[in-house]
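Let me begin by presenting the structure, written as structure tokens, before commenting on it.
The values are calculated or read from the model by the stated rules, or taken from the named source; none is laboratory data. On a predicted model such as this, the values are computed, not experimentally measured, just so you know. Here Cβ is always computed from backbone atoms with ideal geometry, including for glycine, and neighbour counts include all displayed protein chains.
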Amino acid sequence: MSLIQKHGQNMDGRDLIIGDIHGQYDLLLESMARVDFDKSKDRLFCVGDLIDRGVDSFECLSLAFEPWFFGVRGNHEMLALMRLRMGEAPKTFG
């Protein structure tokens, strides 16, 4: 898979952009509900920082497997990846 993805126009739904979720999975779901996000046709683009600070970093990372979610690696993900590559658990997770 390429590090750069191009997405065509969403003719069926809306494209929403969000950033700095920081492990706040429940807050994200509440926000999506407030705007009537439809997982069957809307797309969510995240500009980074899914993890850290909040209690649900793991759930936020699982968003990467959702067909309606598209993310960019933020500095918090880079720091966690660097620590994992060094054989250490990220100290700032959750």
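For the reader, a short list of remarks on this structure follows.
- Given (1) touching a strand residue (DSSP E or B) at 6+ places or on another chain (Cβ under 6 Å); (2) surrounded by 18 or more Cβ atoms within 10 Å (Cβ to Cβ); (3) not aromatic (Phe, Trp, Tyr), number of the condition Asp49 does not satisfy: (1)
- Note on the range 57-84: among residues that are over 19 Å from Ile4 (Cβ atoms), modelled with pLDDT of 90 or more and of a type in the set (A, V, I, L, M, F, W, C), the one that is surrounded by the fewest Cβ atoms within 10 Å (Cβ to Cβ) is Phe65.
- The residues on offer are Gly87, Gly94, Gly54, and the sole one that is surrounded by 15 or more Cβ atoms within 10 Å (Cβ to Cβ), modelled with pLDDT under 80 and in a loop (DSSP other than H, G, I, E, B) is Gly54.
- Applying the condition of being within 30 Å of Arg83 (Cβ to Cβ) and among the β-branched types (Val, Ile, Thr) to the range 12-51 and asking which residue is modelled with the lowest pLDDT yields Ile51.
- Asp20 fulfils the conditions (1) part of a loop (DSSP other than H, G, I, E, B); (2) closer than 23 Å to Ser57 by Cα; (3) without any contact (Cβ under 8 Å) to a residue 40 or more places away in the chain except for a single criterion, (3).
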